[in-house]
Amino acid sequence: MTRTLRHALLAVPLLALASGCGGPSKWFYATIKEPGICKTLKDVVMDPTAPGADLTLTFSVNFPQNIPLFDPTSDAVVIHPISVTFDATQGIQDFNSVDSAWITAKPDPANTAGLTDTEVVRYDKAPGVLPGLELTIPADADVNIVPFLNSSGSLTVEAKMVGGLPNNNWTTDINVCLSTTARVDYLSGFGINL
């Protein structure tokens, strides 16, 4: 009986392979739910801003490079922004003169799903509340940014700040926090590629 059971258990993977059910990487996976992954970019240099002008930055974020085991091709990946925090380090007194700030996700031009530019985080100054040296921009928790990723897993974003900003170079640390749910190849996490 034990011998028959052992043979049956060995036969199941072989039958699955022969029937086209995929290799071991399709069987050995993990679903990872992380309520808060944060990444800090240190000493990001910002250009001077002319009086009355807005600060606008456009840049790309590579998710596979910054989130270990992230597979942008998986159907089971969801990424929600939580917040973006600017922490003044040099050349700026504070963020008290910033009236509003937001970051927009830009869809991949090759995407045919009809996505449009979508705001993912936004700050509007509240009367009597000043941010000081740390400006935190909260997110819209309903936005899943995965559909905005290009085929290599990168996201193009546009960041804007409106209000009085320094007319000299200044530096800031930028801390980005996300919540994620991802299905990952469990074996590749241990360097086993079958």
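The values are calculated or read from the model by the stated rules, or taken from the named source; none is laboratory data. Quick caveat: nothing in here was measured; it's all calculated off a predicted structure. Virtual Cβ from ideal backbone geometry, glycine too; neighbours counted across all protein chains shown. What goes into the accessible areas is simple: the full protein's heavy atoms, side chains included, and nothing from ligands, DNA or RNA. Shrake-Rupley method; radii C 1.70, N 1.55, O 1.52, S 1.80 Å.
The residues neighbouring residue 105, those whose beta-carbon lies less than 11 Å from its own, together hold a net charge of -4 under the Lys/Arg +1, Asp/Glu -1 convention. Average accessible surface for segment 97-157: 52 Å² per residue, computed with a 1.4 Å probe over protein heavy atoms with every protein chain in place. Packing, as the average of other Cβ atoms within 10 Å across residues, places the peptides 112-123, 159-170, 77-88 in the order 77-88, 159-170, 112-123, highest first. Segment residue 119..residue 100, full-extension length gain: 5.6 nm, with 0.36 nm per residue of separation and the alpha-carbon distance subtracted. The simple spin-label model puts a point 7 Å past each Cα toward its Cβ; for residue 54 and residue 76 those points are separated by 4.0 nm. Remark: spin-label model distance residue 167-residue 40 equals 3.3 nm, labels positioned 7 Å along the Cα→Cβ axis.
Dimensions of segment 61-160 based on its C-alpha atoms, expressed as ranges along the principal axes with the largest first, amount to 44, 28, 21 Å.
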